[in-house]
Each structure stands twice: as C-alpha cells, then as structure tokens.
C-alpha cells in the first residue's frame, strides 16, 4: 500500500509560520505532519500522544493573557453611523 500525503488547507507551520505548506499522512500506528518549506516534522500516535521535535506553539491573540487597563482607561467602541445609507 502506498502512502498518500495530503496538504492541510489553512494550516500554519509551527516552525517557520508559513501557511498552506503542511502535509499529513499516516501509517498503522502514527499520524505524521511535515512542512515542505522548512523540513519541520512531527508525529502523533493515533491514541493522542504528541511527540514534537523542538516546536513550540505560536503566540496568537487567543493564547496570550489579556492586557490589563490602567485606572481610567477604557476600550474604544466603534458604533455604526445611523445616518449613513449603505446600498
């Protein structure tokens, strides 16, 4: 049986940060992912255990702590203009 490698749409490489360059494939025991640009590779056993070779999670707005506002500061809220007529 030949191994079929498929690209993952929208996936970002954890090493180089480029989008749409990760492809995945699997065998009987593991699922593999690799980057075609920077040669990043890692695998995951099909029971869910991740084995990563030096990759760390990219910092995003979701996994960072929320900024603390100083006293008297408030976030800016943009309100739609009720007088504007969109077509």
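Each reported figure results from applying straightforward, stated rules to the coordinates on display, with no laboratory input. Note that the structure is a prediction, hence the values are computed from the model and not measured.
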| Relative counts (whole %) of C-alpha pair distances in region 6-48, using bins that are 10 Å wide | 32, 52, 16
| message | Output needed for the chain: three equivalent-ellipsoid semi-axes, defined as square roots of 5 times the C-alpha gyration tensor eigenvalues, in descending order, whole Å. | response | 41, 20, 12
